[in-house]
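This report concerns only the one structure given below.
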Amino acid sequence: MAHFKKKQAGTKQEVPTSAMPDVVFMLLFFFMVTTVLREVTLKVKIDLTKATNIEKIEEKRLVSYIYIGPERLPNNRLGNDKVQIDDSIQEDIGAIRQIMYDKLLEEQRMIVSLRVDESSEFGLLTDVQEELKKAQTFRINYSTKSEATRN
Amino acid sequence: MLLKKRERESAEINGSSMADIAFLLLIFFLVTTTINVDTGIGMVLPPPLDPTEEPPPVRERNLMKILVNETGLIMMDEEPTPITEVQSKLIEFIKNPEASEELAISPQAAIVSLKTVRQTPYRIYIDMLDEVIGAYAFLRNEAANQNFSRDYSQLNKDQKEVVDDIYPKKISIAEPDPE
């Protein structure tokens, strides 16, 4: 019967997709900005230790890393404790001073993040710290994982 | 008669595949992104000491000497201490609630000196440092609650400075003795 013609909404059924590229581009830019592509290849083994009272480093741009841990050798063997800065292992501890000083000149507010393997000895770390003192890079951060609070 | 037969091609670039390209890039960055926050214990190293200069005198009672050996045994002011008691002992030393002659004159004067040996594993050293930082965090939180009735983490910058002045973090990392 013509009287009972089904009423249909006048609107179209499709979702407008014309704005989709814009949305996707926005997401894309977000991830492009947050991505840190420059990861170093570690030549030393780093297992970070845990600590309770830690703080976050908010400004990652200021951070430069020093890695200390047993050297990775072929066949999954581990060698002696070594210091790695950027992509190379520094055999000469005394050279660290110049490297860190050059970095400090580029960024005055530099924070040195020390990523040290939990089982490496304090002696090497203290040698590196002495060099950092001489290079005037005083802001350091002992990188640790977070541990659930005890009590 | 020269009639133009060819239809004009449209001058626009076909934009329909743009979304696909953007998606592809988006997925690439989604996969490669690692949003990991760096966490750690922040410290400020002292300037190098001039070997000809004498270190400034510190009164014995204001100095808490913590010695840690390579097996993780702790001495606090010549007393062996289990690690579970380090924090409470430090808090007592810094605050000195009973104004004892042995402990720090004031929280401002208190200095915690941490000394270890070269063979100490990093893990033990960080555990110790964590305890010291924890003691200060506790005290600062307490002071924040007293003065501003809020936790330390919720204070603004000026208020934090006030609390930091009450309990300045004076931690000295002593060099280990050469072998």
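Quick notes
- About the Cα centre, charge dipole magnitude for the range B:88-161 (Lys/Arg +1, Asp/Glu -1 at Cβ), debye: 320
- Cα radius of gyration and Dmax for the range A:45-126 (Å): 13.8, 41
- Potential lengthening between B:S113 and B:N69 on full extension [0.36 nm per residue; Cα-Cα distance subtracted]: 14.4 nm
- Cα-based helix-to-principal-axis angle, A:122-134 vs chain A, degrees rounded to 10: 90
- Counted charge near B:P48, where neighbours are those whose Cβ lies closer than 14 Å (Asp, Glu -1; Lys, Arg +1): -3
- Of the residues A:A19, A:A51, A:A95, the one that moves most in a GNM of chain A with alpha-carbon contacts below 10 Å is A:A19.
- Charge dipole of the protein assembly as shown about the Cα centre (unit charges at C-beta), most positive-ward option of B:I94, B:G134, A:F30: A:F30
- Residue mean of other protein chain beta carbons inside 10 Å, A:123-130: 4
- The calculated FRET efficiency for the pair A:D102 and B:F23, based on their C-beta separation and a Förster distance of 56 Å, comes to about 0.85.
- Inter-part distance where the range B:114-139 and the range A:110-136 are each reduced to a Cα centre, Å: 15
- Farthest towards the positive end of the charge dipole of the range A:50-145, among the residues A:V83, A:A135, A:V116, is the Cα of A:V116, using unit charges on the Cβ of Lys, Arg, Asp and Glu.
- Trypsin sites (Lys or Arg not before Pro) lying in DSSP loop within the range A:50-151, provided at most 15 other Cβ fall within 10 Å: A:R109, A:R150
- Relative to the longest principal axis of the Cα atoms of chain A, helix A:20-34 runs at roughly 10 degrees.
- Take each residue in B:20-30, count the other chain C-beta atoms within 10 Å of its C-beta, and the mean is 6.
- Note on B:134-146: average number of Cβ atoms from other chains within 10 Å of each residue's Cβ is 1.
- Within a Gaussian network of chain A (alpha carbon springs, distance under 10 Å), most fluctuating of A:Q108, A:Q13, A:Q98: A:Q13
- Applying both filters, DSSP loop and at most 16 other Cβ atoms within 10 Å, to the trypsin sites (Lys or Arg not before Pro) of the range B:13-70 gives B:R59.
- Most mobile listed residue (A:L114, A:L73, A:L124) in chain A, GNM with C-alpha springs under 10 Å: A:L73
- Axis angle, to the nearest 10 degrees, between helix B:122-148 and the longest C-alpha principal axis of chain B: 90 degrees.
- Using θ = phi - 60° and Karplus 6.51 cos²θ - 1.76 cosθ + 1.60, couplings along the range B:87-92 (whole Hz; Gly, Pro as x): 5, 5, 5, 5, 4, 5
- Percent RCO, i.e. relative contact order, over chain A, from Cα pairs under 8 Å lying at least 6 residues apart: 26
- Which listed pairs, of A:K133/B:K170; A:K134/B:K65; B:K95/B:K160; A:K45/A:K145; A:K50/B:K160, have C-alpha distances above 22 Å, in listed order: A:K134/B:K65; A:K50/B:K160
Only the coordinates and a few stated rules stand behind these numbers; no lab work does. Note that this is a predicted model, so its numbers are computed, not measured. Note: ideal-geometry Cβ built from the backbone for every residue, glycine included; neighbour counts use all protein chains shown.
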